[in-house]
Amino acid sequence: MPKLKDQNKVNAIHKATIELVTKTGFSRLKMAEVAKKSKIATGTLYVYYTSKEELINDVYVSTKKEISEAIINANYVKDTFFKTFRAMWNGYFTFCLKHPEKMLFVEQFIYSGYISESNITKADAYFEPLDQFLIDGQKQGFIKDVDVAIMKAQLQGAIHEIVKMTIKGHIQLKSDGVNTCFEMAWNSIRQ
């Protein structure tokens, strides 16, 4: 029976990988540097991941799961579609502001060709409840009847750009800034 992986080591490996990849890119990523930054032996890293492709794929799927949990949270289900959507949008916006490196990592790799189709499918499955929520909102006439993938891309793209501008210091979100961003997002999809 294989030895169970230490979740603290996995977390350290993932954190180190995200930091290194967002700085150097995938092609310049070295497993030895991941091990050093994770404070584990290189041999131990290879026990956890046999290649950097396997490592990147695991970090991607894990990060997408974490993002889905920030969006699709039982505490967010409110009494109206609007309130639930607002809570979900705020969940994602807050996640991106708190973890911009994870947002950038996923953004960098989704269309890179480094993530296997099976892992993209696995990660997409985490978002099926969100897709169904949006489809239900369309059927009920709350939001525009457009392809859900396009709607999510539009909402996500706006959040990503706002977060990037914030972390680069080009804008500062004041107390009403997040609310204004939400109102723009809502106005872009509401019926």
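The values are calculated or read from the model by the stated rules, or taken from the named source; none is laboratory data. Note that the structure is predicted; figures quoted are calculated from it, not measured. FYI the Cβ positions are ideal-geometry reconstructions off the backbone, even for glycines, and counts take in every protein chain you see. Heads up: the accessible areas ignore ligands, DNA and RNA and are worked out on the full protein's heavy atoms, side chains in. Shrake-Rupley method; radii C 1.70, N 1.55, O 1.52, S 1.80 Å.
Report the residue count in the range 13-25 for those that are surrounded by fewer than 17 Cβ atoms within 10 Å (Cβ to Cβ) and on the phi < 0 side of the Ramachandran plot. Reasoning before the result, please.
Taking the range 13-25 and keeping what is surrounded by fewer than 17 Cβ atoms within 10 Å (Cβ to Cβ), we get 15, 19, 22-25.
If we keep only those that are on the phi < 0 side of the Ramachandran plot as well, we get 15, 19, 22-24.
Here the count works out to 5.
Any idea how many residues of the range 31-55 are at pLDDT 95 or above, surrounded by 16 or more Cβ atoms within 10 Å (Cβ to Cβ) and either touching a Ser or Thr at 6+ places or on another chain (Cβ under 7 Å) or within 22 Å of Asn119 (Cα to Cα) (or both)?
7
I need every pair where a residue in the range 88-117 that is closer than 21 Å to Glu128 by Cα and without any contact (Cβ under 8 Å) to a residue 24 or more places away in the chain has its Cβ under 9 Å from the Cβ of a residue that is open to solvent by 40 Å² or more (accessible area, probe 1.4 Å) and not acidic (Asp, Glu), sequence separation at least 6 or different chains.
Final answer for the pair search is Gly91/Ile72; Gly91/Asn73; Gly91/Tyr76.
Report every pair of residues separated by at least 6 positions or lying on different chains whose Cβ atoms are under 8 Å apart, first residue within the range 19-30 and modelled with pLDDT of 90 or more, second open to solvent by 50 Å² or more (accessible area, probe 1.4 Å).
Glu19/Lys37; Glu19/Glu101; Leu20/Glu33; Leu20/Lys37; Val21/Gln108
Got a number for residues in the range 104-117 being at pLDDT 90 or above and open to solvent by less than 80 Å² (accessible area, probe 1.4 Å)? Quick ask: steps written out before the conclusion?
To start, the set of residues in the range 104-117 that are at pLDDT 90 or above comprises 104-107, 115-117.
After this cut, where a residue has to be open to solvent by less than 80 Å² (accessible area, probe 1.4 Å) as well, the list is 104-107, 115-116.
The number of residues fulfilling the criteria is 6.
Scan the range 118-130 and report the pairs whose first residue is within 13 Å of Ile71 (Cα to Cα) and whose second residue is small (Gly, Ala, Ser), with Cβ atoms within less than 7 Å and a gap of 6+ or a chain change.
That search, which allows pairs on different chains as well, returns Tyr126/Ser68; Phe127/Ser68.
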